[in-house]
Every structure is written in structure tokens, then in C-alpha cells.
Amino acid sequence: MQKVKIPHTVDPAKSAMKRSDYRGVISSKDLDRLNEAVVRCDEWVNVEVQFEKDAQGLTVFHGHLDTHVTLICQRCNGELTRPLHSDFFFSPVQGLSEDDEALPEAYEPVEVNDHGEVNLLQIFEDELIISLPIVALHAEEDCNVSKDDMTFGKIDPENERPNPFAVLKELKRDQE
């Protein structure tokens, strides 16, 4: 199957009128922020995105992203490969505002530029970064660090220092 590259920017209103449906790939080399957050990323990110008008007449686009990334295990510092999957549901808006109540909760707003286009590459990169695990860990049985190595022992109590207010206590006794 031929890998069709997804356009980096599109006009969502025009695409929704045409009911455009994109199935293809994005080169992970174009995703600088994602590449900085991981050790390695698959060469391609599989993308499916559909543009349409919903029942309210709002322009929406939705789909999903799939790829694999290699991360550093925070327990053993070894590499681990994880699949990344992200589902998204966006509605383009002109100028983001907090009191924009016309947009249903199911849709995430995404701002269009001066030409009425959205940067799909940036939106998809944001979605993949959000999909990364907060703490990357192997499963305990797969990790090079055993359960016994994860115990750290007792913490010695801090040496007791004299209370700095003890002098005041002595002064109070002397006055009585």
C-alpha cells in the first residue's frame, strides 16, 4: 500500500463542504517537539481524519493517530517501546474566547489562521505529545530492576539539635 502524505495545513470549512476524508501518513521527522520528548519515533505516523458538518451545521474534523515511540524507563533507565494512539474531535473557531458557548463539550476548539486554515501538523503533534505517558515504566516483570532493588532502606533520624528557644525558657525561669 502506498503511503500518502497528509497535507500540513487545510481549510476545514472547504474540506467539510467536500466531506474530505484523509488516510495517510505524516513523517515523524517533521514533529520536532515529539522527537525531543522521546528517544525514537517510528518513521511514519498513521493518520485518519474526516471533515464534515455536524447536525448543528458546525464544521468538525475527527479521526485518530497511531505510531510507536521508544522511551526511557524511569525505573531501570532502559529503553521501552510503546504504541501511541490518539483519538481527536475538533471544531475550528475564529479567535478563541472563554465565553464561546456555541461549541458543544464533545468538540475541542482549534483556532484557524488569517486565511481560515488550521495547521494539522501542529495539532497532530500536540495530540501525540499529550498521549505520551506521564512516567514511562516497564511492567515490573519486564523491568531489569527487581523488586528487591527497589527498596531503599531506613532513613536515619536527623541529629537532634538544641531548641533555639530553650534560652528564652531559661530566662523566664530566672525572672520567676
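Taken together, the values in this text are just the output of simple stated rules run on the coordinates, not laboratory data. Keep in mind the model is a prediction, meaning the values are calculated, not measured. All Cβ positions, even for glycine, are placed from backbone atoms using ideal geometry, and neighbour counts span all protein chains on display.
Taking a virtual spin label 7 Å from the Cα of Leu58 along the C-beta vector, which residues in the stretch 7-37 bring their backbone nitrogen under 11 Å of it?
No residues fall inside that zone.
If packing is taken as the average count of other Cβ atoms within 10 Å, what order do 131-139, 117-125 fall into, highest mean first?
117-125, 131-139
Could you order the peptides 41-49, 108-116, 86-94 from most to least packed, using the average number of other C-beta atoms within 10 Å per residue?
Packing proxy ranking, top to bottom: 41-49, 86-94, 108-116.
What nm value, rounded to one decimal, do you get for the distance between Ala37 and Asp21 when each label is placed 7 Å out toward the C-beta?
Between Ala37 and Asp21, the simple spin-label model gives 3.0 nm.
How high is the FRET efficiency between Glu141 and His85 when r is their beta carbon distance and R₀ equals 30 Å, given to the nearest 0.05?
According to the calculation, E is roughly 0.80.
Among 158-167, 68-77, how do they line up by average Cβ neighbours within 10 Å per residue, starting with the highest?
Per-residue Cβ counts within 10 Å, averaged per peptide and sorted highest first, yield 68-77, 158-167.
Taking only Cα atoms, what is the 0 to 90° angle, nearest 10, from helix 120-131's long axis to the longest principal axis of the chain?
40
So how much slack lies between Glu48 and Gln175, counting 0.36 nm per residue of separation and subtracting their Cα-Cα distance, in nm?
Contour length minus the Cα-Cα distance gives 37.4 nm.
Sum up the lysine pairs in the chain that clear both bars: alpha-carbon distance under 18 Å and a spacing of 8 or more or different chains.
Taking the chain as the scope, the lysine pair count is 4.
With bins 5 Å wide starting at 0, give me the P(r) of the stretch 1-45 over every alpha carbon pair, in whole percents.
Calculated P(r), rounded to whole percents: 5, 18, 22, 18, 17, 12, 6, 2, 0.
Compute the acute angle (0 to 90°) between the alpha-carbon long axis of helix 166-175 and the principal axis of greatest extent of the alpha-carbon atoms of the chain; round to the nearest 10°.
Result, in degrees: 40.
With no solvent and one point per C-alpha, what does the Debye sum give as log10 I(q)/I(0) for the chain at q = 0.11, 0.13, 0.18 Å⁻¹?
Values returned for q = 0.11, 0.13, 0.18 Å⁻¹ are -0.62, -0.77, -1.15.
Seen from all sides and averaged, what is the projected area of the convex hull of the Cα atoms in the stretch 38-96, in nm²?
6.1
Over the chain, what is the mean sequence separation of C-alpha contacts under 8 Å (at least six apart), divided by residue count, expressed as relative contact order in percent?
The normalised contact order for the chain reaches 20 percent.
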